[in-house]
Structure formats: structure tokens, C-alpha cells
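Colleague: Attaching a single structure in C-alpha cells format; questions to follow.
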Amino acid sequence: MSRRFCLTLDLKDEPKLMAEYKRYHEKVWPEITESIKESGIEDMEIYLLGTRMFMIMEVNDSFTFDKKAKADKRNPKVQEWEDLMWKFQQALPQAKRGEKWLRMERIFKLEG
């Protein structure tokens, strides 16, 4: 059974940087997509409106945010990608020090 998580983060409000960020996501490094899949993320999409990004992740039962974070810290290519992406991203006002993508709270689900 899969679970869904929704996360959000902002891009810096600089058109050139935003365009470059989109270009990187047209061809994400294979090591990054491999690490995503290996962590138990089965599907991932990122949407953008203005500077606000919205990520939807479908994960399997083996996925935990803690396991993913630990694996990412041990992976030099993921660290390189994260450092590069931080050039384009900015933390949300409510983020704690070191936080990037923040989990969103689901407040409605259409039933039936």
C-alpha cells in the first residue's frame, strides 16, 4: 500500500535562476532519481506557481523521512545536487534552521 506526502518550498524570486532550476529538472541526474527510487519513493511530481513549489510523493511501506535523510547524507552525489539546488531555493518563513521542503497538512479529502 502506498502513502502520499505533500511538501512545499520556495524558489528565489529571480527569473534567470527559476529558468535554470526548471532546466535542471528536465533532466535530473540519474544518481538522484536512483536514490529517490531506492528510498521507497514510487512516484514524485513537483509543481510550480510563481515562486512556490509543491511536491507530491507516493511512497511504499519501506519509506521513512529519517531513512531517506540518512541515506542522502552518505551519498556524495545527492549532497552535490542538494547544494546546487539550494542556489535556487529559499526556506519558507516557518522553516527551522536547516529545513528545506516542509510537509504540508492535508485538511480535506473528497470521499466517495
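Colleague: Report, by residue number, each residue of segment 60-100 that is in contact with a Lys or Arg (Cβ under 9 Å, 6 or more places away or on another chain), surrounded by 12 or more Cβ atoms within 10 Å (Cβ to Cβ) and not hydrophobic (A, V, I, L, M, F, W, C).
Modeller: Asn60, Gln79, Glu82, Gln89, Gln90
Colleague: Conditions: (1) surrounded by 10 or more Cβ atoms within 10 Å (Cβ to Cβ); (2) closer than 26 Å to Pro76 by Cβ; (3) free of Cβ contacts under 8 Å to residues at least 12 places away in the same chain. Glu26 meets all but one. Number of the miss?
Modeller: Looking at each condition in turn, Glu26 falls short on (1).
Colleague: Could you give me the residue pairs with C-beta distances under 9 Å whose first residue belongs to segment 69-80 and is over 15 Å from Lys100 (Cβ atoms), whose second residue is hydroxyl-bearing (Ser, Thr, Tyr) and open to solvent by less than 40 Å² (accessible area, probe 1.4 Å) wherever it lies, and which are 6+ apart or on separate chains?
Modeller: Close Cβ pairs satisfying both conditions: Ala71/Ser35; Ala71/Ser39; Asn75/Ser35; Lys77/Ser35.
Colleague: Also, I was wondering about something else. Scan (1) of a type in the set (Ser, Thr, Tyr); (2) in contact (Cβ under 8 Å) with a residue 12 or more places away in the chain; (3) surrounded by fewer than 12 Cβ atoms within 10 Å (Cβ to Cβ) for the single condition Thr51 breaks and write down its number.
Modeller: Here Thr51 meets the rest and fails (3).
Colleague: Then there's this: Of all the residues that make up segment 47-67, how many are assigned to a strand (DSSP E or B) and either more than 19 Å from Tyr21 (Cα to Cα) or within 13 Å of the chain's Cα centre (by Cα) (or both)?
Modeller: First, pick out the residues of segment 47-67 that are assigned to a strand (DSSP E or B): 47-49, 52-59.
With either more than 19 Å from Tyr21 (Cα to Cα) or within 13 Å of the chain's Cα centre (by Cα) (or both) added as a condition, the list becomes 47-48, 52-59.
Qualifying residue count, segment 47-67: 10.
Colleague: With respect to Arg4, determine if the residue is basic (Lys, Arg) and assigned to a strand (DSSP E or B). Even if it seems obvious, please write down each step before you answer.
Modeller: On the way: basic (Lys, Arg): yes; assigned to a strand (DSSP E or B): yes.
For Arg4, the condition - basic (Lys, Arg) and assigned to a strand (DSSP E or B) - is met.
The values are calculated or read from the model by the stated rules, or taken from the named source; none is laboratory data. All values derive from a computational prediction rather than experimental measurement. All Cβ positions, glycine included, derive from the backbone under ideal geometry; neighbour counts span all protein chains shown. These area figures cover heavy atoms from the full protein model, side chains too; ligands, DNA and RNA do not enter into them. Shrake-Rupley method; radii C 1.70, N 1.55, O 1.52, S 1.80 Å.
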